[in-house]
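Scroll down for the structure; my scribbles are underneath it.
The values are calculated or read from the model by the stated rules, or taken from the named source; none is laboratory data. Predicted model, so just to flag it, every value in this text is computed and none were measured. For neighbour counting, all protein chains shown are included, and Cβ atoms are generated from backbone atoms with ideal geometry for every residue, glycine included. SASA here: full protein model, heavy atoms, side chains in, ligands and nucleic acids out. Shrake-Rupley method; radii C 1.70, N 1.55, O 1.52, S 1.80 Å.
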Amino acid sequence: MPDAMTIDTLIRNRLHELAEPRLAEFNRRLMPGVGRHVLGVRVPSLRRLAAELARRDDAAGWLATDPAGMSFEEVVMRGLLVGRLKTDADTWLARVAAYVPLIDNWAACDIPCSSFTAIRRQAERGWAFLMPYTDSDEEYAQRFGLVMLLDHYVNDGWIDRTLARLSATPTHGYYAQMAQAWALSVCFVKYPEKTLPHLDGGSLTPGVRRMTLQKIAESRRLTDPWREIIRQMRTRQ
């Protein structure tokens, strides 16, 4: 049975208790164009609250309620709950698909994506599900698809397909381009020999290639020989 306090009321009460006005202002500056009210709740607190809410019987029902008027943090909570609630594959993918249109900034994309680990249990089907998003001409839908590849498909079994998709995908808008560069930089740090051909003479736009090389150069995990190769590539831009 659901708890006496409705989940909607509980979420709003708890988020307001956790809110920090100074952090809210800082976060708004980091998320230009965010279309929702920002309360200023730290991400670890959001994750802890999601873990608590996922134990409630009415959590799944809350995902189907009207998101109009929700704060940024409430939207992110939806994504975090999608990641935590156990269900069948069809329902889970439908919940993810319902969440994507709510994304109007990079944080509402990136914070929940890392928790969507259920896609790894159905990796082939998940890949097919993500492809329309990676091809989308809508900036944040495309960022979602690219960040999902970064979070769940940069591994031994998928690196070749992931690199082919990342390097051949035209990106639309700054935040999609940054996701593409970020994903490629992580691929390079983990698989430098496989990634290098996609950066040197590949099909990336000059802007994405420049952002990718910069993010690689900033990595603390890069070994000195590869760091020198990246330095030389940056000087040739």
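Some notes on this structure:
- In loop segments of region 148-237 as defined by DSSP, the trypsin sites (Lys or Arg not before Pro) with at most 11 further C-beta atoms inside 10 Å of their C-beta are ARG220, ARG221, ARG236.
- The C-alpha atoms of the chain define a longest principal axis, and helix 7-18 lies at about 70 degrees to it.
- Taking the 1.4 Å solvent-accessible surface of region 33-91 as the whole, the part contributed by carbon and sulfur is 49%.
- Accessible area (Å², 1.4 Å probe, nearest 10) - TRP106: 80 Å²
- Couplings for region 28-41, taken from phi via the Karplus curve 6.51 cos²θ - 1.76 cosθ + 1.60 with θ = phi - 60°, read 4, 5, 7, 10, x, x, 4, x, 10, 5, 10, 8, x, 10 Hz in order; Gly and Pro are left as x.
- In the elastic network of the chain, a GNM with C-alpha springs shorter than 10 Å, the most mobile of ALA64, ALA24, ALA118 is ALA64.
- Whole-angstrom Cα spans of region 16-138 along principal axes, big to small: 43, 37, 24
- Max mean-square fluctuation residue, GNM over the chain, Cα-Cα springs under 10 Å, options GLN180, GLN122, GLN214: GLN122
- Calculated [222 nm] ellipticity per residue, helices only, for the chain: -20000 deg cm²/dmol; basis is -39500 (n - 2.57) per DSSP H run with n ≥ 4, divided by all residues, nearest 500.
- Against the main long axis of the alpha-carbon atoms of the chain, helix 72-84 sits at an angle near 80°.
- Of the whole protein surface, GLU218 contributes about 110 Å² of accessible area at a 1.4 Å probe radius.
- The chain: relative contact order in percent, alpha carbon pairs under 8 Å with at least 6 residues between: 12 percent
- Counting only heavy atoms of the protein chains and using a 1.4 Å probe, ASP200 has close to 80 Å² of accessible surface.
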